[in-house]
Amino acid sequence: MRIAVLGGDGFVGWPTALHLSDLGHEIHIVDNLSRRWIDTELGVQSLTPMDSIQERCRIWHQETGQRLHFHLLDLREYDRIRAWLAEYRPEAIIHFAEQRAAPYSMKSDRHKVYTVNNNVNATHNLLAAMVETGIDAHLVHLGTMGVYGYSTVGAPIPEGYLDVSVETPAGPKELEILYPTRPGSVYHMTKSLDQILFQYYAQNDGLRITDLHQGIVWGTHTNQTRRHPQLINRFDYDGDYGTVLNRFLIQSAIGYPLTVHGTGGQTRAFIHIQDSVRCVELALSDAPKAGERVKIFNQMTETHRVRDLAELVAKMTGAKVSFLPNPRKEADENELVVRNDQFLALGLKPITLQEGLLGEVVDVAKKFAHRIDRSRVPCVSAWTKDIAQRVEHDPEGRRLRSVS
Ligand SMILES: O=c1ccn([C@@H]2O[C@H](COP(=O)(O)OP(=O)(O)O[C@H]3O[C@H](CS(=O)(=O)O)[C@@H](O)[C@H](O)[C@H]3O)[C@@H](O)[C@H]2O)c(=O)[nH]1
């Protein structure tokens, strides 16, 4: 298939592009390189040294003979994305091209506005351009488990839809509705808004859409990124873009106390990066038909409590654990049970937390430890102004500042 990978220069986009290219698909990476600009804004860099996207594509061709085509394009520019779709007519589109960090989206009012403008316009421009050009591509979107709000209300979280019974004068009526959203950050809110856009365009224009509600990704390498040092994936450790388990592993590698927020009672869904790219492949193989409702998968393989992860990493590496005031507005403790039957039925064999793979991340972190700026490890982004006043010091006693 001819596949457009929008956001194909990012943490999950890059290994997905390689995985699909390895399967023989014709891959077009479309990216505005905004993640690289945000690194510059924040003054941080990926733990792993990343080459330019053009250089990465060149190495992939050298190693495999397969070509990755790169297009510098911003989805907020409607006319350009419409013209691009009309010219290349992809058969499938994978949409990763959104600002994906919750702490970054909460940094200041400016960051909230940027995240909403960027994410919502990107998604809507894409949908409108798909209708206008008449291409019949299957759209696969990277959504988030965060749209559900991490609370099971006593029953496992289903895959996107909830069956409800409504009392009417004629008796009870059964309805299937989108699971009510309860986003925990402006970033997660944009993914909730995306869901409504998808529902509308599937029902009004018959677009074929799959939404992947992904959990927290951990790990770094995939089978393809391992093939050459210059194909290495980006890897974030800073307080805005680093995700919790990867952060704990990196912190342990540099002797930094593990930064558990609050009691660490938050339970979250996780998935290894290798499974993440495999899930995209499986979703592509199971496209909905025109006129069908949006297909929603829960793209996660296990759930863990944050403090249990910290204990596991501490036991494995001897790291100290530090319980910090929580910069986020979130439940102190929550239970989370999630259904993921659809990917299992399609043949996913989940990679679960294994010491070997955890150790692999620690090894990567040790190798590139000299690139880590310890002052960028704490999470400085507070969810409200009140919380900002309470979150004052990092585990090493330094005063935290808010970046605006
Ligand atoms: O040093 C840290 C960092 C985080 N946490 C806690 O760990 C949990 C998860 O935080 P995270 O930064 O790993 O994940 P999150 O902000 O939810 O976002 C990440 O995971 C989401 C999936 S999910 O969490 O919604 O399932 C994706 O959508 C996002 O793109 C990705 O950045 C939170 O309770 C947070 O307070 C800590 O205790 N210490």
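Filtering region 192-216 down to residues that are of a type outside the set (S, T, N, Q) and open to solvent by less than 10 Å² (accessible area, probe 1.4 Å), which residue is nearest to the ligand (Cβ to nearest atom)? Applying the filter and picking the extreme gives His213.
Within region 78-108, count every residue that is assigned to a helix (DSSP H, G or I), touching a His at 6+ places or on another chain (Cβ under 8 Å) and closer than 21 Å to Val12 by Cβ.
Filtering region 78-108 for residues assigned to a helix (DSSP H, G or I) gives 78-88, 102-105.
With touching a His at 6+ places or on another chain (Cβ under 8 Å) added as a condition, the list becomes 84, 88, 102, 104-105.
Right, trim to closer than 21 Å to Val12 by Cβ and you get 102, 104-105.
Residues in region 78-108 being assigned to a helix (DSSP H, G or I), touching a His at 6+ places or on another chain (Cβ under 8 Å) and closer than 21 Å to Val12 by Cβ: 3 in total.
The residue that is farthest from Phe198 (Cα to Cα), counting only those in region 173-185 that are away from the ligand (no atom under 16 Å from the Cβ) and surrounded by 10 or more Cβ atoms within 10 Å (Cβ to Cβ), is Lys173. Residues of region 33-80 that are on the phi > 0 side of the Ramachandran plot and open to solvent by 40 Å² or more (accessible area, probe 1.4 Å): Gly43, Gly65.
Contact annotation: no residue pair with Cβ atoms under 7 Å, 6 or more positions apart or on different chains, pairs a residue in region 161-174 that is in contact (Cβ under 8 Å) with a residue 12 or more places away in the chain with a partner that is assigned to a strand (DSSP E or B) and of a type in the set (Lys, Arg). Could you tell me whether Gly143 is within 23 Å of the chain's Cα centre (by Cα), within 14 Å of the ligand (Cβ to nearest atom), closer than 18 Å to Asp341 by Cα and not in a helix (DSSP H, G or I)? Here the answer is yes, as Gly143 does meet what is asked. Annotation note: of Ala129, Ala92, the sole residue that is within 18 Å of Ala4 (Cα to Cα), touching a strand residue (DSSP E or B) at 6+ places or on another chain (Cβ under 7 Å) and either open to solvent by 10 Å² or more (accessible area, probe 1.4 Å) or at pLDDT 95 or above (or both) is Ala92. Residue pairs, Cβ under 6 Å, 6 or more apart or interchain, first in region 62-81 and within 16 Å of Leu18 (Cα to Cα), second open to solvent by less than 60 Å² (accessible area, probe 1.4 Å) and of a type in the set (Phe, Trp, Tyr). List them. Taking only residues 6 or more apart or on different chains, the pairs are Leu68/Trp60. The set of residues in region 297-348 that are within 21 Å of the chain's Cα centre (by Cα), away from the ligand (no atom under 14 Å from the Cβ) and not in a loop (DSSP other than H, G, I, E, B) comprises Asp341, Gln342, Phe343, Leu344.
The values are calculated or read from the model by the stated rules, or taken from the named source; none is laboratory data. Keep in mind that what you see is a predicted model, and the values were worked out from it rather than measured. So basically every Cβ, Gly included, is an ideal-geometry build from the backbone, and we count neighbours across all protein chains shown. All accessible areas refer to the heavy atoms of the entire protein, side chains included, with ligands and DNA or RNA removed. Shrake-Rupley method; radii C 1.70, N 1.55, O 1.52, S 1.80 Å.
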